Amino acid sequence: MISAVFLEATGEWSERARTQLDRRATVFDLGHDTPDAAGLRSVQPDIVFVEAEHVTDKAAAALQHARQVCPESITVCVTTEEAAGRARVEGTLQPDFWLLVPASDLQFATQLESVLAYAAAMGRGQPTPPPQVSPPPCHPPPPAAESHAQPAGSLFRAVGRMTGCADPERIFVAYCDAVQEFTRCVSYCLLWRSEDGVTFHVVRAEGLAPVVQATCRLGHTSALPLWLQQQRRVVTNEMLSQLPSEGATLREMRLCGGIVAIPVFVEGSLRGIMVLGPKAVGGAYLTTEMEALYMLSAGAAAAVRQGELHGKLEAQKKYIDQVLSTMASGVITLGLDGNIRVCNPHACEILSLEPEAAIGSDMRALPSPLGDYLHSCMRYGEERSREEVSVLGGRRDLRVSTRRLVGQDGALIGSMMLVEDISAERALAQERRNAARNEVINQFVARFAHELKNPLATINTFIELLPTRFDDPEFQQYCSEHVKRDIHRLDDLVAKLLSLSQSPRLSRELVSVPALLDLAVERAALLDETATESITVSVRGELPMVRVDVGNMASALANLLRYCLGPHGDPVQLSAELQEGPEGERPIAVYISSPAHGTAADSLQQVLEPSYVIDHPDVDLGPSASQRLIESQGGALEAYSQDDRIVFHVSLVPEVPGQADDKS
């Protein structure tokens, strides 16, 4: 039967060609652009198909590679008439046949039929007639007493010895000993393919010239390996001598001192060649002996493959163990039976477990609730991500993550947990919080002491002078004015600090905006004797009433006025008006402005931040305290500079008609 190979042919017309070839050829789909030489040689296709809608270097390279590996194969390119014409002119792609598409079913079948007819005419797919040679001389079987053929039990024991090994060297020794014991050969030579897959070299030999044993190398494309890979059967000198075209194969077998060559295949690929010399006792190798040797070679191949897999598994296990032992996180896995499968050293150290006692034990050996976390993850899919938990009576703080484990087939095989010890991290965070809290307290106390110093000094001075000047009317009046002002300053300082440390208690009532502004000016005058002369009040238009806590709101405005007055009593403008707000709202805007004296806009924003004010004792607490008081009553406060003036913009919500008179 004809054999056909499709290279990177996944289009519609290649699929049609596969369908039509289904009953007339053996089809192989290698599925990539440039298949390896071994794959093509093992198939030895009669026809190679490449589909190229647009003639590209990729398609040309794939076809050229197939032609080099299998020069006797017929090459076919499935493409359009335009692309084929361009390829003929440029010489980029020159297959033996073109299948031009698109085409009707009849046209396409006719083109494909011509390819198959050509293949049949060239003798492709037909069995090669045996050469006409005289039959080999008949060797009578040796007498039963002289037969050295071993019983089947001995052969099975030899295979058992090989399959019980994991070391390739021990497998080679057992294989060669079994072959020599089974055949009683005077010499043998075992060639094995190197790891790079390019050459075959001698790994075990007996009765072979030392120079040949040390230097003999056969390439993977040499005559003997190539013949065995293609024919996949035992070959003898007598068989090769009857084939004139196999002279090179015969020379390579004689070079290895043998008359019989037995291939050793591992997963369909030629991995070894056992070349046997003549028997020490008896005549030619019997058919039953060669069958037994082929079976023994298959057992050696299985043992080698098993040893390679065992080596890979051991290497993977060592690698995984090394990774687990050096991980900075604990790793614990649970099997379907509820027993611990993996518990790396870091996890044992964190959980105060012994590795030998933990691995293989029940999940209840883990501190609660870690075992429950693993079980619920495995059974119910309740996965956790970086969840913090305390174990061992609160002595350990952990951060854990759990995931389900599934095999390659998607089946559940267990659950896994990553464990991190965050006890030191939590202790450090607590120390930082304590240090930060102490720092805030220290700054707060320092600020309070700084604010109290001046008014207390004034009061203390008057108290010391009072006994000697008690009857002086002028002193009494002066003392009364200044002591009263300093007492108001102390009261104002306490109110500011309280507003920064806790939310004020509000008792709201209706008040007109002009009355609120006048009350704010009066409170500012209690703190600064220049307030009455320096503050100009203006109200634009008729303003609705507002529902606020009058005392707190007046104090907030007074703080802003006091800040704008500054140490020299700068002129301050206090105004109020209605503004257009979003969605038809009309808030009441109160503006407090004074000369900037070089104050930048970002500095104004900073005086509204409590943390900044506490860190800088020279900055007035008033604006920051005012912001909390205003926002607690539904208002808003902004600070900015405009036309070399500092501006505080206070937004108040007017009273909506129909609201209750009392709201807290």
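Relative contact order for segment 506-652: what is it in percent, counting Cα pairs under 8 Å that are at least 6 residues apart?
Dividing the mean separation by the residue count of segment 506-652 yields 23 percent.
How many nm is it between the label spots at residue 81 and residue 96, if each spot is 7 Å from the Cα in line with the beta carbon?
Taking the two extended label points, one gets 2.5 nm.
Mind checking the dipole of segment 506-652: about its Cα centre, +1 per Lys or Arg Cβ, -1 per Asp or Glu Cβ, Debye to the nearest 20?
Taking the Cα centre of segment 506-652 as origin, the dipole is about 320 debye.
State, as an integer percentage, the relative contact order of segment 79-119 based on alpha-carbon contacts under 8 Å between residues 6 or more apart.
37 percent
Under a Cβ-only charge scheme (Lys and Arg +1, Asp and Glu -1), can you give me the dipole magnitude of segment 2-121 about the Cα centre, in debye to the nearest 20? Display every interim value, and only then the final one.
Working: 9 positive and 18 negative charges, 57 e Å.
Computed about the Cα centre, the dipole is about 280 debye.
If Lys and Arg each add +1 and Asp and Glu each add -1, what is the summed charge of the other residues whose beta carbon sits under 12 Å from the beta carbon of residue 194?
+1
By per-residue mean of other Cβ atoms within 10 Å, what is the highest-first order of 585-592, 384-391?
On the way: 585-592: 17.9, 384-391: 13.5.
Result, highest mean Cβ count within 10 Å first: 585-592, 384-391.
Ranked highest first by average number of other Cβ atoms within 10 Å, how do 257-263, 353-359 line up?
257-263, 353-359
Please work out how much length the chain gains when fully extended from residue 110 to residue 177, using 0.36 nm per residue of separation minus the C-alpha to C-alpha distance, in nm with one decimal.
Extra length from residue 110 to residue 177 when fully extended: 18.1 nm.
Rounded, prolate or oblate for segment 230-376? Axes are the square roots of the Cα gyration tensor eigenvalues, ordered a ≥ b ≥ c, and the cut-off for rounded is a/c under 1.5.
Verdict is prolate for segment 230-376.
Bear in mind that the values in this text are calculations on the coordinates, not laboratory data. All values derive from a computational prediction rather than experimental measurement. Every residue, glycine among them, receives a Cβ derived from its backbone with ideal geometry; neighbour counts consider all protein chains shown.
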